[in-house]
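Presented below is the structure to which this report refers.
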Amino acid sequence: MHVVVLGAGIVGLQSAWHLRLKGHRVTVCDPDVAGGATYAAAGMLAPVSEVQFGQERLYPLLVAARREYPRLVEEVGRATDLPTGFLDNGTLLIGGDRSDLERVRDHARVHTEYGLNIQRLATQEIQQREPFLNARIAGGFAAPDDAQVDPRVLCVALRDALSRELDPTEFPGVGPAVEWVAERVERVTGSADGPYAVHTDGGTEWAADRVVVACGMGCTSLNGILSDLSLDLRPVYGDILRLRPRDPVGADRKPVLSSTIRATILGRQVYLVPRDDGEIVVGATVREDGLDGIHAGGVHELLEDAITVLPALRHFEIADITARARPVSPDDIPYVGLIPKAPGILVSAGYSRHGILLAPLGARLGAALLSGETLSSEDAELLAAMNPGRIEREAAPNHSLTQKGPANGNHHR
């Protein structure tokens, strides 16, 4: 079966991977592989520290998705000799002062109610774990089950693995190497059950037995059989920084940070994600102002709060500042399911700020659904939670964007 995947972000690439492992011939269409929201993302795999108030339906998906990563990393690691960027380093949730710490405690109570692994730490314990943190930190908690992955590194590895001819003795039933089309899809035509014709802005046409729509906000502008695809999506922008030490990290020089830090400073949230090479990712603003460029005020607050948490950052260089739009659904849960009027087309979009974490779960379940496989009861329940039709049946509040403080959008996530 030939499957055309629209979009080569983290969701599209992992969808292509799972489809290829099932023996399908796969073509991926995107002029900018991993260049959208995936390129900007910090890559926190944080089912514990990411859970917010009122997200009872989301947290089982986050926890299940976290369990997908060891297998994904192992499989991709067997297919390529490139690094995957995965690091099992946990998260520290800290408060700058007593008021901030009380907010962190409120957050931790939610984790406890959900049965998630969260451990209270005294200030001295935090300093022992991370001696370069500000000594005035009021206290916090540890989320040891959290991890991280560098999305840029992972996507390079995924593309390489998808492009290689794989040994069928190591990957039984694997399909051929993926074909890449550096063009944007404009429309999809064909009968309801297929086959379909995928038309690109370069004037080419690709025949497909099945189609995966994984092009983020681009899902809302497709024509043809997808012209009335009704997905409640809106762009939520985020600014994110990458800082690197002036002296490279090596055998004789250790990084200044080992755990991912999620801090509350003066009521604002900021996270610091350390990489193996000493780089630290700082993010991220959450704004709905329509500004495609970088927001100066948001970047100022990010740097100010990050340096408050980790004073050594004052001596780092700014390697990169990026702004991208995240495709957000009203309840922060992605849309993964077949289109009723075209059951040979799968939509996999709206992953909000959890795209890197949720991608392997949505990709695996979507590939199984598109292939007509029978799902386990657990997988069927997870997939049902992501049914695109759920928004039409109920009005779901957007808890993740309910924020305290000034309404200028410059809050960090």
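The values are calculated or read from the model by the stated rules, or taken from the named source; none is laboratory data. Treat the numbers as computed from the prediction; the structure is a model and nothing was measured. All Cβ positions, glycine included, derive from the backbone under ideal geometry; neighbour counts span all protein chains shown.
Need the failing condition index for Pro47 against (1) crowded, with 21+ Cβ neighbours inside 10 Å; (2) modelled with pLDDT of 95 or more, just the number.
Condition (2) is where Pro47 drops out.
For segment 215-224, give me each residue that is at pLDDT 95 or above and within 17 Å of Pro340 (Cα to Cα).
If the condition is that a residue be at pLDDT 95 or above and within 17 Å of Pro340 (Cα to Cα), then Leu222, Asn223, Gly224 are the ones that fit.
Scan segment 174-191 and tell me whether some residue there is farther than 30 Å from Arg129 by Cβ, surrounded by fewer than 17 Cβ atoms within 10 Å (Cβ to Cβ), among the hydroxyl-bearing types (Ser, Thr, Tyr) and within 26 Å of the chain's Cα centre (by Cα).
No: segment 174-191 contains no residue that is farther than 30 Å from Arg129 by Cβ, surrounded by fewer than 17 Cβ atoms within 10 Å (Cβ to Cβ), among the hydroxyl-bearing types (Ser, Thr, Tyr) and within 26 Å of the chain's Cα centre (by Cα).
Look at Ala108 and say whether it is at pLDDT 95 or above and either in contact with a strand residue (DSSP E or B) (Cβ under 6 Å, 6 or more places away or on another chain) or assigned by TED's automatic domain parsing to the domain that holds Thr264 (or both).
Judged against the criteria, Ala108 is not a match.
State yes or no: is Val153 surrounded by 17 or more Cβ atoms within 10 Å (Cβ to Cβ), part of a strand (DSSP E or B) and among the hydrophobic types (A, V, I, L, M, F, W, C)?
Spelling it out, it is not the case that Val153 is surrounded by 17 or more Cβ atoms within 10 Å (Cβ to Cβ), part of a strand (DSSP E or B) and among the hydrophobic types (A, V, I, L, M, F, W, C).
Sort out for me the strands (runs of 3 or more DSSP E) sitting completely within segment 191-293 that have 1 or more residues that are free of Cβ contacts under 8 Å to residues at least 60 places away in the same chain.
Passing ranges, in order: 196-200, 205-208, 268-274, 280-283.
Which one of these does Arg353 not meet: (1) at pLDDT 95 or above; (2) buried (at least 16 other Cβ atoms within 10 Å of the Cβ); (3) not assigned by TED's automatic domain parsing to the domain that holds Gln269?
Failed condition: (1).
What is the number of the single condition among (1) under 20 Å from Gly283 (Cβ atoms); (2) under 15 Å from the mean Cα position of the chain (by Cα) that Gly140 does not meet?
So Gly140 meets the others, but not (2).
Do we find that His315 is buried (at least 19 other Cβ atoms within 10 Å of the Cβ), more than 21 Å from the chain's Cα centre (by Cα), not assigned by TED's automatic domain parsing to the domain that holds Ala37 and not acidic (Asp, Glu) in this structure?
no
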